[in-house]
Amino acid sequence: MDRRTFCASMGTWLGTGALFSAPDGLRAIAALAPQVPGRFQLRRIPDVAGGRLTLTARPTLADVGLGMVDAFTLNGSLPSPTIRLREGQSARIDLINELPEPTILHWHGLAVPEAADGHPRLAIPPAATYRYEFAVDQRPGTYWYHPHTHMLTAAQTYRGMGGFLIVESDEEAPLDLPSGQHEIPLLLQDKRLSSTPSLEYPRMGMGRDMMLGYLGNTAFANGVANPTLAVERTRYRLRLLNGSTARIFDLALSNGEPLVLIGTDGGLLEAPTPLERITLAPAERVDVLADFSTSAPGERILLRSVPFEIPGMMMGMDGMGMGRGMRGRMGRGGGVAPVLPQGAAIDLLEVVVMDTEAATAPPLPSRLTTIPPVDVSAGARRRSFRFDSMMMRHTINGRSFALDRVDERVPLGETEVWTFSNASGLPHPVHVHGGQFQVLSRTGGRARRMPWETGLKDTVLVLPGESVDVAVRFVFPGLFLMHCHNLEHEDGAMMSNFEVVD
Ligand code: C2O
Ligand code: CU
Ligand code: CU
């Protein structure tokens, strides 16, 4: 590497506010990724395909770039393998628990029978096995899976369990979307690192972390800190998943080029939509195209979360002035980057354009798919859910989650309108099990449905003062969950059981 490149990238690195613990890390960094100081090669997540799978949960020593950490993995991989299933296929997945604690997995976004949904009451003890069987009766799209263990969802997810579940279908073939090396699932997360990298997750006490969620100081993608990715000069399909416990991202490219949104939680949109910024709350996914064909060889482009403010954010909970109080876990003063407040700028991925021939991408099809129209009859049943965070309690309609209490009984196959309203000073990404919903409208706050909330969704961000109406419909009877996907809020009992009744 010549001196100029080195200085330029040091500039980038220093200019971004030292996202990681520099003093201890610097030498190792230079040795591991000499071409880009301070950054580590993005990892390609291994794929597993076919309907018969075994996933073994176990403690694993894993490399996060800055060093080795004790992680919880599935099949030894950090992040967990990308499961690729075909629409219409039947899946049989065996979970083997080699962890020292109970666990259970949930297929986030999929409509599956009750017994396959990973409700926390189904958690298995150490050394036990759980068999999931379901039909992949699902639109092609970017789904995911993660632990759903009672009061341990945040810890097990933070420590490394969780990955993509991608449903594929021939329906997408004629669209000629980027595939193979040009299709990249990107699991975006933040972690709180100290000068000794570790994925340990503290017991949540009554404090800021319990209220705000466990915010980090370091960007992770696909299980490595501060990643970099070399790209060819062509169009890429990025499947972005926010797998953070609490961090909200407001995504943008540093070169000012748009991210072309083609899909959301439940698959493709009807038409591609170029966007300068996309807000992605925990558990949400977006499928975007990024075109590097006009970028110059050697150009460095950052996929970043740009700074944002949350109007109505609880006083003193916006992270202002917390820099000194909230440090990495060791907090010995030297070298530990402060925890980044919600809304702070974070560089998530550095893209380095390689010196390849520019492959001008074919024009995008103007129509990608057809979204089933929402059919909300005038007499549709309405339910409302109020999300509150007060006195260290996170509640829905004033109640904390109870494993066996049924809060709502919902008729099978009927379309209902559910209103999620945020009466608190904290953001709540609300998620419903049992399939996909459609966002109808938002009042208060941003007061509209955002472009990344079209299509089919299973998680919707509800900011302070907002009310969001969604149309839901369930196709399997049984007990399912609705909850905040800020995992500290979820484990803090901001969750509710509903029973779908035939
Ligand atoms: Cu992604 Cu109930 O969870
Ligand atoms: Cu879910
Ligand atoms: Cu919440």
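Structural remarks
- Single residue of VAL352, VAL336 found to be among the aliphatic types (A, V, I, L, M) and either within 16 Å of ligand 3 (Cβ to nearest atom) or assigned to a loop (DSSP other than H, G, I, E, B) (or both): VAL336
- Taken over segment 442-501, the residue count meeting the criterion of being within 13 Å of ligand 3 (Cβ to nearest atom), aliphatic (A, V, I, L, M) and within 21 Å of GLY343 (Cα to Cα) is 5.
- Annotation: ALA173 fulfils all but one of (1) surrounded by fewer than 17 Cβ atoms within 10 Å (Cβ to Cβ); (2) in a strand (DSSP E or B); (3) not acidic (Asp, Glu); the unmet one is (2).
- Selection from segment 136-158 of residues that are of a type in the set (A, V, I, L, M, F, W, C) and either under 12 Å from GLY243 (Cα atoms) or in contact with a helix residue (DSSP H, G or I) (Cβ under 9 Å, 6 or more places away or on another chain) (or both): TRP144, MET151, LEU152, ALA154, ALA155
- The single condition among (1) in contact with a helix residue (DSSP H, G or I) (Cβ under 8 Å, 6 or more places away or on another chain); (2) free of Cβ contacts under 8 Å to residues at least 40 places away in the same chain; (3) on the phi > 0 side of the Ramachandran plot that ALA127 does not meet is (1).
- Here GLY444 clears all of (1) within 15 Å of ligand 1 (Cβ to nearest atom); (2) free of Cβ contacts under 8 Å to residues at least 24 places away in the same chain except the condition numbered (1).
- Candidates in segment 394-419 are the residues that are crowded, with 17+ Cβ neighbours inside 10 Å and within 19 Å of GLU488 (Cα to Cα); of these, the one that is nearest to ligand 3 (Cβ to nearest atom) is HIS394.
- Tabulated pairs, segment 412-427, first outside the structural domain of GLU114 (by TED's automatic domain parsing) and closer than 18 Å to LEU461 by Cβ, second part of a loop (DSSP other than H, G, I, E, B) and within 16 Å of ligand 3 (Cβ to nearest atom), C-beta under 6 angstrom, 6+ apart or interchain: ASN422/PRO464; ASN422/GLU466; GLY425/MET313; GLY425/MET314; GLY425/PRO464; LEU426/MET314; PRO427/ILE310; PRO427/LEU463
- Against the test of being of a type in the set (A, V, I, L, M) and within 16 Å of ligand 2 (Cβ to nearest atom), the options ALA154, ALA173 yield a single qualifying residue, ALA154.
- Which numbered condition GLY205 misses (of (1) farther than 23 Å from THR82 by Cα; (2) in contact (Cβ under 8 Å) with a residue 12 or more places away in the chain; (3) in a loop (DSSP other than H, G, I, E, B)): (2)
- Failed condition for THR82, given (1) buried (at least 24 other Cβ atoms within 10 Å of the Cβ); (2) closer than 24 Å to GLU284 by Cα: (1)
- Of the strands (runs of 3 or more DSSP E) lying entirely inside segment 45-132, the ones with 1 or more residues being within 16 Å of ligand 2 (Cβ to nearest atom) and either of a type outside the set (A, V, I, L, M, F, W, C) or in contact with a Lys or Arg (Cβ under 9 Å, 6 or more places away or on another chain) (or both) are found at 90-97, 105-108.
The values are calculated or read from the model by the stated rules, or taken from the named source; none is laboratory data. Values in this document were obtained by computation on a predicted structure and should not be read as measured data. Neighbour counts are summed over all protein chains in view; Cβ atoms, including those assigned to glycine, are modelled from backbone coordinates with ideal geometry.
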